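Report on the following structure.
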Amino acid sequence: MKDCTVNILGTEYQIVFVELKDADIDGDCDGTAHRIRVRSDNANNVLNMEELQKTTLRHEIIHAFMFESGLGFSWQHPEQFGHDETTVDWFARQFPKILKVFQELDIL
Ligand SMILES: [Zn+2]
């Protein structure tokens, strides 16, 4: 996967793959800078780095959609970011499957 930009509800977000070394994250989304970072280094020796990057990117894109929807800080994420991580990760993991069903039924 390479650096690129993506349009999120009318706002261009830059997606960059960077070494996050021993940081406790695999990516993040800055709703003020409109930038998503995804780990490029396999610091935790996961078996499928590509899958980690794809899952992380989907997760961060959900954050971007929430920021651009005015939900940047209004969803509870106790004393941290304002997004409920369980909800974000649920969307990030289920969205490809949901999209497949929508496409199969031609209901988009
Ligand atoms: Zn998150």
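The values are calculated or read from the model by the stated rules, or taken from the named source; none is laboratory data. Computed from a predicted model, the values in this text were never measured in an experiment. Here the Cβ positions follow ideal geometry from the backbone for every residue, glycine too, while neighbour counts run over all protein chains shown.
Quick rundown of the values:
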| item | result |
| --- | --- |
| Tally of residues being exposed (fewer than 12 other Cβ atoms within 10 Å of the Cβ) and of a type in the set (D, E, K, R) across the stretch 4-35 | 5 |
| Extreme residue, surrounded by the most Cβ atoms within 10 Å (Cβ to Cβ), among residues of the stretch 46-64 that are within 27 Å of GLY10 (Cβ to Cβ) and away from the ligand (no atom under 12 Å from the Cβ) | GLN53 |
| Hits in the stretch 30-63 (condition: within 16 Å of MET1 (Cβ to Cβ), in contact (Cβ under 8 Å) with a residue 12 or more places away in the chain and among the hydrophobic types (A, V, I, L, M, F, W, C)) | ILE36, VAL38, LEU52, LEU57, ILE61 |
| Counted residues, the stretch 26-53 - those being hydroxyl-bearing (Ser, Thr, Tyr) and farther than 21 Å from ALA64 by Cβ | 0 |
| Of residues in the stretch 77-96 being away from the ligand (no atom under 13 Å from the Cβ) and either over 16 Å from the mean Cα position of the chain (by Cα) or in a loop (DSSP other than H, G, I, E, B) (or both), the one modelled with the lowest pLDDT | PRO78 |
| Residue in the stretch 36-45 that is away from the ligand (no atom under 16 Å from the Cβ), modelled with pLDDT of 90 or more and surrounded by 15 or more Cβ atoms within 10 Å (Cβ to Cβ) present | yes |
| So GLU12, is it farther than 16 Å from MET1 by Cα, touching a residue at least 60 places away in the same chain (Cβ under 8 Å) and not aromatic (Phe, Trp, Tyr) | no |
